[in-house]
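The values are calculated or read from the model by the stated rules, or taken from the named source; none is laboratory data. This structure is a prediction, so every number in the text was calculated from the model and none was measured. Note that we place each Cβ from the backbone using ideal geometry, even for glycine, and neighbour counts take in every protein chain shown. To get the accessible areas, we keep the full protein, side chains included, count just its heavy atoms, and leave off ligands, DNA and RNA. Shrake-Rupley method; radii C 1.70, N 1.55, O 1.52, S 1.80 Å.
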Amino acid sequence: MLVLVLDTATPAVTAALAEVHPSGHAVLAQRAVVDGRAHGELLAPQIDAVLAEAGVKPRDLAAVVAGVGPGPFTGLRVGLVTAASFTMALGIPAYGVCTLDALGLRTAGRALVATDARRREVYWAVYADGSPLTGPAVDKPADVAPRLAEFGVTTAAGEGAVKYADVLGLPAGEALFPDPAALVELAAQRVRDGAPSEPLTPLYLRRPDAVEPSARKPALSASER
């Protein structure tokens, strides 16, 4: 079964084509461009590129796997709206994967996974040999650092872990962004089982920066009206 894999929860705008079969899975083609402000412009051309590289048409796809975050509002929304469009247009299921889980899957021992949440904060979770010990959260690195000892964390992964390594006090590995192979691995059994399509609920963890403007105050004072 051919699966389209998307993730836009980090500055890495990622698209891949994977094959899921009864005994495993393999990534056939992938593209990832790091640009935190161009998710909307980059994702569609990358999807076209991976399908063309593999000689696959959209109608050949059996499912879509999408990273659901956590991530900043605008970038994350691009990937999830695109994934939902494929499922509706082609009548195929969608499966969501926590983006931190995809990064955490390749870690060993007790590890912190942290991505950049902007506002001098990180999205983070703790993993034990690739399995989550905590749910995803968003905090300032200085607030995360004191909690790491209670989990026995000794290493870290993710762009946020590298950016704030001096605050977190952990050696960070080379994995900055989620690997498409990890995303599809976390959804592969659902694909094989033909599980029902899932709602792609984004993990924003906080309100978007943009807010609805408040009602405009009247220009005249009460005495003038």
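Considering region 139-154, and only residues there that are hydrophobic (A, V, I, L, M, F, W, C) and open to solvent by 60 Å² or more (accessible area, probe 1.4 Å), the residue that is modelled with the highest pLDDT turns out to be Ala142. How many residues does region 158-193 contain that are under 21 Å from Thr87 (Cβ atoms) and among the acidic types (Asp, Glu)? The number of residues fulfilling the criteria is 2. Within region 25-46, residues that are on the phi < 0 side of the Ramachandran plot have Cβ atoms under 6 Å from residues that are open to solvent by 70 Å² or more (accessible area, probe 1.4 Å) in these pairs: Ala26/Glu19; Leu28/Glu19; Ala29/Glu53; Gln46/Arg31, counting only partners at least 6 apart in sequence or on another chain. Of Thr134, Thr74, Thr87, which residue is surrounded by fewer than 22 Cβ atoms within 10 Å (Cβ to Cβ) and more than 24 Å from Arg190 (Cβ to Cβ)? None of the other options fit; the residue is Thr74. Just checking, does region 51-61 include any residue being within 30 Å of Ala172 (Cβ to Cβ) and either touching a Gly at 6+ places or on another chain (Cβ under 9 Å) or part of a helix (DSSP H, G or I) (or both)? No - not one qualifying residue is present in region 51-61. Note on region 7-50: residues that are of a type in the set (Gly, Ala, Ser), within 16 Å of the chain's Cα centre (by Cα), modelled with pLDDT of 95 or more and outside any loop (DSSP other than H, G, I, E, B) total 4. One residue stands out among those in region 107-118 that are open to solvent by 20 Å² or more (accessible area, probe 1.4 Å) and under 17 Å from Gly69 (Cα atoms): the one that is modelled with the lowest pLDDT, which is Arg118. Residue check: is Ser23 out of contact with any strand residue (DSSP E or B) (no Cβ under 9 Å at 6 or more places or on another chain), open to solvent by less than 60 Å² (accessible area, probe 1.4 Å) and under 28 Å from Met1 (Cα atoms)? Answer is no for this residue.
Taken together, the residues in region 71-130 that are farther than 21 Å from Ala142 by Cα and of a type in the set (A, V, I, L, M, F, W, C) amount to 20. Answer with yes or no whether Thr107 is closer than 23 Å to Pro171 by Cβ, among the polar types (S, T, N, Q) and part of a loop (DSSP other than H, G, I, E, B). Criteria met by Thr107.
Screening region 189-199 for residues that are surrounded by fewer than 20 Cβ atoms within 10 Å (Cβ to Cβ) and not charged (D, E, K, R) and picking the one that is farthest from Gly96 (Cα to Cα) gives Gly194.
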